[in-house]
Amino acid sequence: MMHFQGPKEQALRELARTCNAYARAVIEAERGFFERYDLRPVAEFYVELEAILDALPDGAFLLNIGWGGGWEVKTVGDLLRRMLSPEEFAELRRRYRLGEDPRTHRIGVTTSFPHTRRIGYEGGAPMYPLGWVRVEPQSGLV
């Protein structure tokens, strides 16, 4: 058992709330993306994931930690968009070749970014985003 006190204890207590707030933002954005491109099964996955998020017990949270989670979950892309000016964000994309078309080696600044997602298929049809886990504390562990 970890016996944190002070700021460390507070940070641990806020972990679930912070992770769930971020998960909710990612879920809403990804659901919108898949609805916009008419990939209903994947959009429905996010509707179900949001229901799971709403029903989590105290201290539990959702994280996207696996391969294929994408730009938003692995690089805090939304935070970068909010902290940088549009020009600075465009420069960041150019510098690191983010969103580059491999055929032309040009950055599609006018296209949505990120414009691809890794998803699991079932029976040849796109069905599931990758990397989501549920973390739930267990009592009685030493």
Next on the checklist: Testing the spin-label approximation: label points 7 Å from Cα along Cα→Cβ at residue 54 and residue 118. State their distance in nm.
Outcome noted: 3.0 nm
Next on the checklist: Using 0.36 nm times the number of residues separating residue 67 and residue 84, minus their current alpha carbon distance, what extension gain do you get?
Outcome noted: 3.5 nm
Item to check | HN-Hα J in Hz across the range 12-24 - Karplus 6.51, -1.76, 1.60, θ = phi - 60°, x for Gly and Pro | outcome: 5, 5, 7, 4, 4, 4, 5, 4, 5, 5, 5, 4, 4
Checklist entry - How far is it, in nm, from the label point at residue 98 to the one at residue 133 when both lie 7 Å from their Cα along the line to the Cβ? => result 2.5 nm
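Listed highest first by mean packing, meaning other Cβ atoms within 10 Å per residue, what order do 120-129, 25-34, 56-65 come in? Could the numbers behind the result be given before it?
On the way: 120-129: 12.1, 25-34: 17.5, 56-65: 15.5.
With the highest mean Cβ count within 10 Å placed first, the list reads 25-34, 56-65, 120-129.
Read the figures in this text as sums done on the coordinates, not as results from a lab. Worth saying up front: this structure is predicted, and the values here are computed from it rather than measured. Please note: Cβ atoms are built from the backbone with ideal geometry, for glycine as well, and neighbour counts cover all protein chains shown.
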